[in-house]
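Derivation of every value follows stated rules applied to the coordinates shown; laboratory data play no part. Values in this document were obtained by computation on a predicted structure and should not be read as measured data. Every residue, glycine as well, gets a Cβ built from its backbone with ideal geometry; the counts of neighbours run over all protein chains shown.
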Amino acid sequence: ENILVKQKDNVGLITFNRPKALNALCEALMIELTSALDDYEANEQIGCIVLTGSENAFAAGADVKEMQPKSFMDVYKRNFITEGWERLVKCRKPVIAAVSGYALGGGCELVEMCDIVLAAENAVFGHPEIRVGTMPGAGGTQRLPRLLGMAKALDLLLTGRRMDVREAERSGLVSRVVPTDLLLEEGRKLVADIASLPGEVLTLIKHNARSSANLTLNEGLRKERDAFHYTLSLPDREEGMRAFLEKRPPRFNSLSILKDR
Ligand code: DAK
């Protein structure tokens, strides 16, 4: 009811679909998002997942109308809106955010959890929670300083001001900026490319890069080297290198899945 899901070849698309509320992230939407991610993760034909919204809003935050009447005990006893919010960071497949319009509060936190952030020129980011008397609850005070540095993160978190796409790109939140009318087309090209690459290796790269935040350099380097050694046992690695030497495009397993369909 609150999201649209669509599989296109080996890409899983999830579109937030509450246009009248600027895709505010109500509890029902987060439950649907969790189940869509579960399905795409379990689906072996899917190599890459895309999260997007509408042209004027990726998501304007958690649903303030839903939260407003709640008391501390209401949210504490039920662990309100917590479980669904953790699902995205557990994805093993690459998750790409394609952001147009507002990505505020919880919407910005979802962006902070994604692996690549493609943003339209009209995208706007920010953490306005302080302006409705609350604070981030899905990682904004933890991930944003790591992504942007403390100076920029606290500037945003303590003022609730909005940041345009150029500032977001300069600050390290956004990977690439594209013209607003080309967002979906550019997004499609990007994810089709990623989803055609060896899925097991994508997961290894993502996992190694993500775990670097919690490891010392030496621990991380050792883990990376073990993972690299492991790739030499993979048929897709053998095919990739053979294809390079034979001067032809590789035929990875992920592509042969497509061919069989
Ligand atoms: N919640 C509910 N409805 C929202 C909404 C939101 N966050 N944002 C917009 N809407 C609704 C508006 O109420 C309005 O509905 P009607 O009045 O037509 O029924 C409709 O969307 C259009 O909005 P506006 O009329 O305000 O549109 P404008 O273009 O004038 O302004 C805006 C757009 C995005 C600047 C403005 O709507 C705005 O400031 N929205 C609120 C942004 C905000 O404060 N977001 C932070 C919410 S707090 C946690 C996980 C996450 C969180 C917390 C805990 N856990 C895991 C524990 C996150 C918290 C938050 O995000």
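Annotations for the structure displayed:
- Ordering S100, S54, S35 by the number of other Cβ atoms within 10 Å of each residue's own Cβ, fewest first, gives S35, S54, S100.
- More than 30 angstrom apart: percent of Cα pairs within the chain: 31
- Residue order, fewest to most surrounding Cβ atoms within 10 angstrom, among I130, I14: I130, I14
- Per-residue [θ]222 nm for the chain (sum of -39500 (n - 2.57) over DSSP H runs n ≥ 4, rounded to 500): -14000 deg cm²/dmol
- Per-selection Rg to Rh, the range 131-220 - Cα, Kirkwood hydrodynamic radius: 1.04
- Globularity ratio of the range 37-95, using Cα Rg and 2.2 N^0.38 Å: 1.47
- Prolate/oblate/rounded call for the range 22-63, Cα gyration tensor, a/c under 1.5 rounded: oblate
- Overall dimensions of the range 108-261 as given by Cα atoms, namely Rg and Dmax in Å: 19.5, 62
- Computed from Cα positions, the angle between helix 217-231 and the longest principal axis of the chain comes to roughly 50 degrees.
- Too-long pairs where the Cα-Cα distance tops 29 Å, listed order kept, from K6/K152; K152/K223; K90/K189: K6/K152; K152/K223
- Tensor-based shape of the range 1-99 (alpha-carbon gyration tensor, a/c under 1.5 rounded, otherwise prolate or oblate): oblate
- Rounded to two decimals, the Cα radius of gyration of the range 168-224 over 2.2 N^0.38 Å is 1.49.
- Among F252, F16, sorting on how many other beta-carbon atoms sit within 10 Å of each Cβ, with the fewest leading, yields F252, F16.
- Note on the chain: with a GNM built from Cα contacts shorter than 10 Å, the maximum mean-square fluctuation among T231, T180, T15 falls on T231.
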